[in-house]
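The values are calculated or read from the model by the stated rules, or taken from the named source; none is laboratory data. Being a predicted model, the structure only gives us computed values, none of them experimental. Neighbour counts run over all protein chains shown; Cβ positions are idealised from the backbone, glycine included. For accessibility, only protein heavy atoms count, side chains too; no ligands or nucleic acids. Shrake-Rupley method; radii C 1.70, N 1.55, O 1.52, S 1.80 Å.
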Amino acid sequence: MGGTLEDTLAGFSEFVRLKVEAGLNLSPEMALALWRERVREATAVREGLDALDRGESRPIADFLRELDDEFGLDDA
(Lines give C-alpha, C1' and ligand atoms only; values in the text may rest on other atoms or scores of the structure.)
Protein backbone atom coordinates (compact mmCIF):
# COMPACT_ATOMS: atom_id res chain seq x y z
CA MET A 1 0.00 0.00 0.00
CA GLY A 2 2.99 2.26 0.20
CA GLY A 3 1.68 5.81 0.41
CA THR A 4 -1.83 5.38 -0.95
CA LEU A 5 -4.93 4.60 1.03
CA GLU A 6 -7.34 1.99 -0.20
CA ASP A 7 -10.35 2.19 2.10
CA THR A 8 -11.47 -1.32 1.19
CA LEU A 9 -11.32 -4.79 2.66
CA ALA A 10 -8.34 -5.51 0.39
CA GLY A 11 -6.61 -2.39 1.69
CA PHE A 12 -7.29 -3.40 5.29
CA SER A 13 -5.99 -6.89 4.58
CA GLU A 14 -2.76 -5.48 3.16
CA PHE A 15 -2.42 -3.12 6.15
CA VAL A 16 -2.74 -6.05 8.58
CA ARG A 17 -0.35 -8.19 6.53
CA LEU A 18 2.31 -5.49 6.70
CA LYS A 19 1.84 -5.10 10.47
CA VAL A 20 2.19 -8.87 11.00
CA GLU A 21 5.26 -9.04 8.75
CA ALA A 22 6.78 -6.20 10.78
CA GLY A 23 6.46 -8.41 13.86
CA LEU A 24 3.60 -6.60 15.55
CA ASN A 25 1.35 -8.78 17.67
CA LEU A 26 -1.99 -7.00 17.43
CA SER A 27 -5.43 -8.14 18.43
CA PRO A 28 -8.06 -7.87 15.70
CA GLU A 29 -9.65 -5.01 17.64
CA MET A 30 -6.34 -3.11 17.83
CA ALA A 31 -5.67 -3.68 14.12
CA LEU A 32 -9.12 -2.29 13.29
CA ALA A 33 -8.62 0.70 15.60
CA LEU A 34 -5.27 1.50 13.94
CA TRP A 35 -6.84 1.14 10.49
CA ARG A 36 -9.71 3.46 11.38
CA GLU A 37 -7.26 6.06 12.71
CA ARG A 38 -5.27 5.80 9.50
CA VAL A 39 -8.42 6.33 7.43
CA ARG A 40 -9.39 9.36 9.57
CA GLU A 41 -5.92 10.88 9.22
CA ALA A 42 -5.78 10.30 5.47
CA THR A 43 -9.24 11.82 5.07
CA ALA A 44 -8.22 14.90 7.07
CA VAL A 45 -5.07 15.37 4.99
CA ARG A 46 -7.05 14.93 1.78
CA GLU A 47 -9.62 17.51 2.93
CA GLY A 48 -6.87 19.95 3.87
CA LEU A 49 -5.18 19.60 0.51
CA ASP A 50 -8.51 20.04 -1.26
CA ALA A 51 -9.11 23.23 0.75
CA LEU A 52 -5.71 24.54 -0.31
CA ASP A 53 -6.52 23.76 -3.93
CA ARG A 54 -9.73 25.80 -3.56
CA GLY A 55 -7.72 28.71 -2.16
CA GLU A 56 -9.15 28.32 1.33
CA SER A 57 -6.04 29.25 3.27
CA ARG A 58 -4.70 32.18 5.23
CA PRO A 59 -1.29 33.48 6.26
CA ILE A 60 0.35 31.59 9.12
CA ALA A 61 1.00 34.89 10.92
CA ASP A 62 -2.77 35.44 11.23
CA PHE A 63 -3.27 31.94 12.62
CA LEU A 64 -0.45 32.33 15.15
CA ARG A 65 -1.82 35.70 16.25
CA GLU A 66 -5.23 34.12 16.85
CA LEU A 67 -3.63 31.33 18.88
CA ASP A 68 -1.78 33.87 20.96
CA ASP A 69 -4.94 35.89 21.53
CA GLU A 70 -6.88 32.79 22.55
CA PHE A 71 -4.27 31.04 24.69
CA GLY A 72 -1.81 33.81 25.64
CA LEU A 73 1.17 31.89 24.28
CA ASP A 74 3.47 34.92 24.30
CA ASP A 75 2.82 35.36 28.03
CA ALA A 76 4.36 31.96 28.92
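Things worth noting here:
- Pair list, Cβ < 7 Å and 6+ apart or interchain, from the stretch 6-20 residues that are more than 11 Å from R38 (Cα to Cα) and open to solvent by 70 Å² or more (accessible area, probe 1.4 Å) to residues that are charged (D, E, K, R) and modelled with pLDDT under 95: none
- Of all residues in the stretch 29-73 being β-branched (V, I, T) and within 13 Å of the chain's Cα centre (by Cα), the one that is nearest to E6 (Cα to Cα): V39
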